[in-house]
Structure formats: structure tokens, C-alpha cells
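One structure is given below, encoded as C-alpha cells.
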Amino acid sequence: MKTRCPCCGAENSLDALFAHEEARQSLWAVAQIGGPMSTGLVRYLGLFRPEKSALSQARMATLMAELLPMMQAGHIQRDGKTYAAPPAAWAYAFSEVLAARDTGRLKTPLKSHGYLLEVISQWRGQGGTVPVPTTVPMADRPAAAPASKTVGAVAALEEMMVQIHDPST
């Protein structure tokens, strides 16, 4: 089944994504995060894309493997100190990093998560304007055993698409 990226218009086969181990892992990880956090994460990962080529599935899987344990733990380590990193901090940091890119303060492609982690280390729960997921992440939901991993992943992707098109849900 052909799919089209709503951001860049690139076409890819959903079958090919599921057949590619690293692509499947990346899709599953994004689906497990859920809500606006997954949108922020995907946009952030785009900052690692080389100017004249695509971000490889292997590189994307590596980047996500570096971030997901920190996101799930709810804290980060920076300069030998531990900082709280709840979902609101991640959402704030993704938005700040993207804003820095948009204003020219951040050079892309990024090479590491240093700038993101620095923003999180300075986060102090600023205001109530930070977008926080309003749905329960996939990992926290009671497990209804899907017929297969593929069926479960497709269901998660469908839910994510609904959230992307209607972030108020």
C-alpha cells in the first residue's frame, strides 16, 4: 500500500516500511509515544537530515534509541547532573529547538542531542502553554492482545494519524 508523507509529499510503501527492521522499529516507537509528543519527535528528528539526502532508517532508529529511554525515564543526565524531563519538558524542548532552527540560531543538520538536552536542563515548567499529550500513551494502556504485531502497529499508526489531523483529541 502506497502512503504519502503529509509534510514532504514523499511516497513510500507501508509494506516496505514494515519489512525494513529499522523502519518498523522507528514507526513502532513513535506510535508508542502518541499524541503531540510523537509529532514533536518526528519534526525534531528531521533536523538530523543531511541537506542533500534523506535521513536513513538506520540513523533514525539510532537517534530514537538514544532518546526513548530518557523520555520513558522522565529524566536526563547533563554535565553530571540529573534533570527532570516530564512530557511537558520534551514538548517544550522540541518546540524550542525547532524555533531556534527557524530563527537561524541553530545550524542543521544536527549531529547530537546536545542542544535538546541543554534546553531540557533549563526547563522549569514554564507556564501552561506547553503542549502535553492528552491521551494515554500506548505503553500505559491495558494490553488488548492484537492478532499480530503488524495489526497492532497498523492500529497504532491509525490512531496516531487521527491525532495528527485532530490534535485536540
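The values are calculated or read from the model by the stated rules, or taken from the named source; none is laboratory data. Remember, it's a predicted structure, so these values are computed and weren't measured experimentally. Cβ sites come from the backbone with ideal geometry, for glycine too, and all protein chains shown count toward neighbours.
Points to keep in mind about this one:
Table: residues versus (1) at pLDDT 70 or above; (2) of a type in the set (Phe, Trp, Tyr); (3) part of a helix (DSSP H, G or I); (4) closer than 23 Å to LYS111 by Cβ.
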position: CYS8; (1), (2), (3), (4): no, no, no, yes
position: ASN12; (1), (2), (3), (4): yes, no, no, no
position: PHE18; (1), (2), (3), (4): no, yes, yes, no
position: LEU41; (1), (2), (3), (4): yes, no, yes, yes
position: ARG59; (1), (2), (3), (4): yes, no, yes, yes
position: LEU63; (1), (2), (3), (4): yes, no, yes, yes
position: MET71; (1), (2), (3), (4): yes, no, yes, yes
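- Of all residue pairs spaced 6 or more apart or on separate chains, those with beta-carbon atoms under 9 Å, a first member in segment 58-75 that is without any contact (Cβ under 8 Å) to a residue 60 or more places away in the chain and a second member that is surrounded by fewer than 17 Cβ atoms within 10 Å (Cβ to Cβ) and part of a helix (DSSP H, G or I) are ALA61/GLU21; ALA61/GLN25; MET64/GLN25; ALA65/GLN25.
For (1) within 13 Å of the chain's Cα centre (by Cα); (2) part of a helix (DSSP H, G or I); (3) not hydrophobic (A, V, I, L, M, F, W, C), each residue gets a yes or a no:
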site	(1), (2), (3)
LEU45	yes, yes, no
PRO50	no, no, yes
ALA54	no, no, no
LEU68	yes, yes, no
THR82	no, no, yes
ALA89	no, yes, no
SER95	yes, yes, yes
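- Residue satisfying all of: in segment 61-96; out of contact with any His (no Cβ under 6 Å at 6 or more places or on another chain) and polar (S, T, N, Q); farthest from MET37 (Cα to Cα) among these: GLN77
- The residue list ALA84, ALA89 contains one member that is surrounded by 18 or more Cβ atoms within 10 Å (Cβ to Cβ), in contact with a strand residue (DSSP E or B) (Cβ under 9 Å, 6 or more places away or on another chain), small (Gly, Ala, Ser) and modelled with pLDDT of 90 or more, which is ALA89.
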